[in-house]
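Here the structure is laid out as structure tokens; the discussion comes afterwards.
The values are calculated or read from the model by the stated rules, or taken from the named source; none is laboratory data. From a predicted model like this one, the values you see are computed outputs, not experimental measurements. Note: ideal-geometry Cβ built from the backbone for every residue, glycine included; neighbour counts use all protein chains shown. Calculation scope for accessible area: heavy atoms of the full protein, side chains included, ligands and nucleic acids excluded. Shrake-Rupley method; radii C 1.70, N 1.55, O 1.52, S 1.80 Å.
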Amino acid sequence: DGTLLLGTAANLGTAPLALGQTTGGGTQGTLQYDGATATRAGNLTTNLAGGAVSVTAAGAVLTVNGTVAGAGALTKTGPGTLALTAGGPNADPEMRVAAQGLNLTRPEHAGVFDRRLDDAARDFCARH
């Protein structure tokens, strides 16, 4: 696994990020955010091998305003919250929540992710 560690909001930037190798069975990419509540404007792509976003600070919310898309699954980990505010209805990847804290802030995301959330994620999101 390859991990990109971003310690503060100043490190988030706006350039597009691609997580994971483009071939199946390859290395999964992880974006680990250790800072306080912040917003990232750039797009996030998960390649075929998949990617993860870890928000490590309990109580922190990392909002991704860019499109979240790709061929690979996206896993949310860590005690903080990941908020997704943009994305196309046919672009969002399969979402897995390996730890609490997924916030889908656009109304159309509920229907989009309904088919793509694994059981654990669906159970968690239904409670929030």
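Pairing residues of region 39-52 that are under 17 Å from THR63 (Cβ atoms) and open to solvent by less than 50 Å² (accessible area, probe 1.4 Å) with residues that are among the hydrophobic types (A, V, I, L, M, F, W, C) and not in a strand (DSSP E or B), at Cβ distances under 7 Å and at least 6 apart in sequence or on separate chains, gives ARG40/LEU12; GLY42/ALA15. Is it true that some residue in region 13-29 is at pLDDT 90 or above and in contact with a strand residue (DSSP E or B) (Cβ under 7 Å, 6 or more places away or on another chain)? No, there is no match, as no residue in region 13-29 is at pLDDT 90 or above and in contact with a strand residue (DSSP E or B) (Cβ under 7 Å, 6 or more places away or on another chain). In region 53-99, what count of residues is obtained for those that are in contact with a Ser or Thr (Cβ under 8 Å, 6 or more places away or on another chain), under 19 Å from THR27 (Cβ atoms), surrounded by fewer than 21 Cβ atoms within 10 Å (Cβ to Cβ) and modelled with pLDDT under 85? Residues meeting the conditions: 4.
Consider LEU5 carefully, then state whether it is in contact with a helix residue (DSSP H, G or I) (Cβ under 9 Å, 6 or more places away or on another chain) and in a strand (DSSP E or B). Against the criterion (in contact with a helix residue (DSSP H, G or I) (Cβ under 9 Å, 6 or more places away or on another chain) and in a strand (DSSP E or B)), LEU5 qualifies.
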